[in-house]
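First comes the structure, then the notes that go with it.
The values are calculated or read from the model by the stated rules, or taken from the named source; none is laboratory data. All of these numbers come straight from a predicted model, not from anything done at the bench. Reconstructed Cβ throughout: ideal geometry from the backbone, glycine too, with neighbour counts over all protein chains shown.
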Amino acid sequence: MGTARALDSDVESFLAAPLRRMLVDGRWVEAASGRTFETVNPATGEALARVAEGDAEDIDRAVRAARRAFDDGEWPRMAPRDRERILARVVELIERHAAALAQLETLDNGKAIAESASVDIPAAADTFRYYAGWVNKMSGETLPSAPDFFTFTLREPVGVCGQIIPWNFPLLMAAWKLAPALACGNTVVLKPAEQTPLSALRLGELLLEAGVPRGVVNIVPGFGPTAGAALVRHPLVDKVAFTGSTEVGKEIHRASADTLKRISLELGGKSPNIVFADADIDSAVRGALMGVFFNQGEVCCAGTRLLVESSLHDRFAEALAAAARGMKQGPGLDPETQIGPLVSAEQLERVTGYLELGLREGATPLAGGGRNLAAGLERGYFVQPTVFTGVRNDMRIAREEIFGPVVAVMPFRDEEDAVLQGNDTTYGLAAGVWTRDVSRAHRIARALRAGTVWVNCYNVFDVSAPFGGYKESGYGRELGRQCLDLYTQTKSVWLRV
Ligand code: ADP
């Protein structure tokens, strides 16, 4: 890591602790079982830190703390301006510690520091800022029921929220979950992904420092089938918000039925990115490249099915492959790195398995096609950015979410064919369209069954714009005003006048 800068002293001391504990009821505690697990630096395969491993017993303690904080505590009853002030302090603290948080995120997840510093951490701060602003803007209605009644609605928090997040944007996903839940007056038990628990634990320290009262946010690292499943089944949890694979999302949907929790699911995708021959080709190539290789392709809305108008297909695939070969792959801490390692050995195995499957299915790798074992990278989980051609939409590499730097380029005939192929998927998270024809852009944006459509851009986000899935990509919308619906419920009150 020759060009990497030295670690921030905050990060060094955070990692030097013999054990990172979990946050339950305002205190940092070991697991009830005393068990621990290691989190690994994916650039080297070496252990980064040892973390307390929560299971059902710890989840129970955390849920009871959150329950007390909700039922009897000050958070849901606080004057809005005070809750807003505390959330604004969270923003300040994230911004003050931004450099250290970016390093911690890169060490734990692998992603390029250029991205964690310019996307993950600022967007996490923006999310808290935006929802802090909503605290005193949520209101009920008065209703024209009848002359002898005064009828109105109260918008109340849902209660105790169990939030389960993935490893691809660890701090940002924590912010997407926590900020709206807290703004609405809920209390939370957050379970970070077992691959990347560190930035959420650091955020927990900042939340306490900002003045979030004890028990309002509890953070229990641990594994899905133990800690995660216990959170979903716990009878004192009112709502579960989950971001992760469609497979686990279905499992959570089933498991939550017994206690009829409110659930919201942000799941996988196999998003079409559709390029017409009349597009601005240079910007479409750049957009297609970042649309699929941003964050090593570990992005639920990645544009993994690149549909290109037949007349442009070969030229476009060549240009994309050349750009992919030119990407600088290396350890995330190197400021020059554009594409880092995958998050874990398991993910490496999964993605390289799909590369082999692609070859068996008859696809051609125009760029990449395997693990990157260049000098210095051998011990990390690096996969070359891979561009497959010769793919049909019915092949498994075009249907299943790979969650790695792999794109399938496929031709289409005309607008109708583009929409048909674009929608020919069980998923519906996002889609892209590249064209200079404004009417066509509008037609296609309407015709695609996806929660987000990007025209002449890709992977663009803002906290004001709702994000979520159609079809098996889940339901519920995060970000924006719509997210408040996930974390509030409406009570009608009738008063005889
Ligand atoms: P991936 O396969 O990419 O790791 P997952 O959907 O398995 O994605 O993981 C996303 C999150 O869901 C993680 O925090 C993980 O621990 C959690 N999880 C996995 N399985 C379960 C489960 N059965 N119940 C609840 N949470 C789970």
Point to revise | Subset tally (residues that are within 12 Å of the ligand (Cβ to nearest atom), basic (Lys, Arg) and under 21 Å from PRO466 (Cα atoms)) for the range 144-193 | key: 1
Practice item. Could you please give the count of residues in the range 204-257 that are among the aliphatic types (A, V, I, L, M) and under 21 Å from the mean Cα position of the chain (by Cα)? Key: 13
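Please pick out the residue among GLY110, GLY159, GLY140, GLY133 that is of a type in the set (Gly, Ala, Ser) and under 16 Å from the mean Cα position of the chain (by Cα).
Details: GLY159 fails: under 16 Å from the mean Cα position of the chain (by Cα); GLY140 fails: under 16 Å from the mean Cα position of the chain (by Cα); GLY133 fails: under 16 Å from the mean Cα position of the chain (by Cα).
Unique residue meeting the criteria: GLY110.
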Review point. Which number in (1) within 16 Å of the ligand (Cβ to nearest atom); (2) over 28 Å from THR425 (Cβ atoms) marks the one condition that GLY380 misses?
Key: (1)
Exercise for review: For ALA288, indicate whether it is away from the ligand (no atom under 16 Å from the Cβ), under 27 Å from GLU415 (Cβ atoms), of a type outside the set (Lys, Arg) and in a loop (DSSP other than H, G, I, E, B).
Suggested key: no
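So if I check each of THR386, THR426, which one is touching a Pro at 6+ places or on another chain (Cβ under 6 Å) and closer than 30 Å to GLY370 by Cβ? Walk me through it before giving the result.
Numbers: THR426 fails: touching a Pro at 6+ places or on another chain (Cβ under 6 Å).
Only one candidate passes the filter, namely THR386.
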Exercise for review: Kindly indicate whether any position in the range 416-432 is in contact with an Asp or Glu (Cβ under 6 Å, 6 or more places away or on another chain) and among the β-branched types (Val, Ile, Thr).
Suggested key: yes
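Just one of LEU171, LEU236, LEU182 is under 27 Å from GLU12 (Cβ atoms) and modelled with pLDDT of 95 or more; which is it? So that I can check it myself, show each step before the final result.
Numbers: LEU236 fails: under 27 Å from GLU12 (Cβ atoms); LEU182 fails: under 27 Å from GLU12 (Cβ atoms).
Selected residue: LEU171, the only one of LEU171, LEU236, LEU182 that is under 27 Å from GLU12 (Cβ atoms) and modelled with pLDDT of 95 or more.
Condition check ((1) charged (D, E, K, R); (2) more than 30 Å from PRO385 (Cβ to Cβ); (3) crowded, with 23+ Cβ neighbours inside 10 Å) across all residues:
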residue	(1), (2), (3)
ALA210	no, yes, no
ALA229	no, yes, no
VAL232	no, yes, yes
GLY244	no, no, yes
GLU247	yes, no, no
GLU251	yes, yes, no
PRO272	no, no, yes
ASP278	yes, no, no
Exercise for review: Any residue in the range 14-34 that's within 17 Å of LEU104 (Cβ to Cβ) and modelled with pLDDT under 95: show its pairings with residues that are part of a loop (DSSP other than H, G, I, E, B) and of a type in the set (D, E, K, R) at Cβ separation under 8 Å, as long as the two are six or more apart or on different chains.
Suggested key: none
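If you scan the range 57-78, which residues turn out to be of a type in the set (Gly, Ala, Ser), part of a helix (DSSP H, G or I) and more than 24 Å from the chain's Cα centre (by Cα)?
Of all residues in the range 57-78, those of a type in the set (Gly, Ala, Ser) come to 62, 65-66, 69, 73.
If we keep only those that are part of a helix (DSSP H, G or I) too, we end up with 62, 65-66, 69.
Listed by number, the residues that qualify are ALA65, ALA69.
Regarding the range 131-147, can at least one residue be identified that is hydrophobic (A, V, I, L, M, F, W, C), without any contact (Cβ under 8 Å) to a residue 60 or more places away in the chain and part of a loop (DSSP other than H, G, I, E, B)? Step through it out loud before you land on a result.
Filtering the range 131-147 for residues hydrophobic (A, V, I, L, M, F, W, C) gives 132, 134-135, 138, 143, 146.
Within this subset, residues satisfying the condition of being without any contact (Cβ under 8 Å) to a residue 60 or more places away in the chain are 132, 135, 146.
Restricting the remaining residues to those that are part of a loop (DSSP other than H, G, I, E, B) gives 146.
There is at least one residue in the range 131-147 that is hydrophobic (A, V, I, L, M, F, W, C), without any contact (Cβ under 8 Å) to a residue 60 or more places away in the chain and part of a loop (DSSP other than H, G, I, E, B).
Results for (1) assigned to a helix (DSSP H, G or I); (2) crowded, with 17+ Cβ neighbours inside 10 Å, shown as yes or no for each residue.
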position	(1), (2)
LEU23	no, yes
ALA31	no, yes
THR39	no, yes
ALA43	no, yes
ARG81	yes, no
ILE86	yes, yes
ARG89	yes, yes
ALA117	yes, yes
Review point. Name the residues in the range 222-255 that are more than 10 Å from the ligand (Cβ to nearest atom) and farther than 18 Å from SER473 by Cα, would you?
Key: HIS234, PRO235, LEU236, VAL237, ASP238, LYS239
Point to revise | Any chance THR196 is near the ligand (Cβ under 10 Å from one of its atoms), under 20 Å from the mean Cα position of the chain (by Cα) and not in a strand (DSSP E or B) | key: yes
Practice item. Name every residue in the range 454-488 that is among the hydrophobic types (A, V, I, L, M, F, W, C) and surrounded by 19 or more Cβ atoms within 10 Å (Cβ to Cβ), in order of residue number. Key: TRP454, VAL463, PHE467, LEU479, CYS483, LEU486
Revision key, fill the gap. Subset of the range 212-221, residues in contact with a strand residue (DSSP E or B) (Cβ under 7 Å, 6 or more places away or on another chain) and more than 11 Å from the ligand (Cβ to nearest atom), comes to GLY215, VAL216, VAL217, ASN218, ILE219
Exercise for review: Residue by residue through the range 256-277, note down the ones that are aliphatic (A, V, I, L, M), within 14 Å of the ligand (Cβ to nearest atom) and touching a Leu at 6+ places or on another chain (Cβ under 9 Å).
Suggested key: LEU267
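Need a quick list: helices (runs of 4 or more DSSP H) entirely within the range 294-411 having at least 3 residues that are surrounded by fewer than 24 Cβ atoms within 10 Å (Cβ to Cβ) and more than 23 Å from the chain's Cα centre (by Cα). Break it down stepwise before answering.
Numbers: elements: 310-325, 345-360, 396-399.
Result: 310-325, 345-360.
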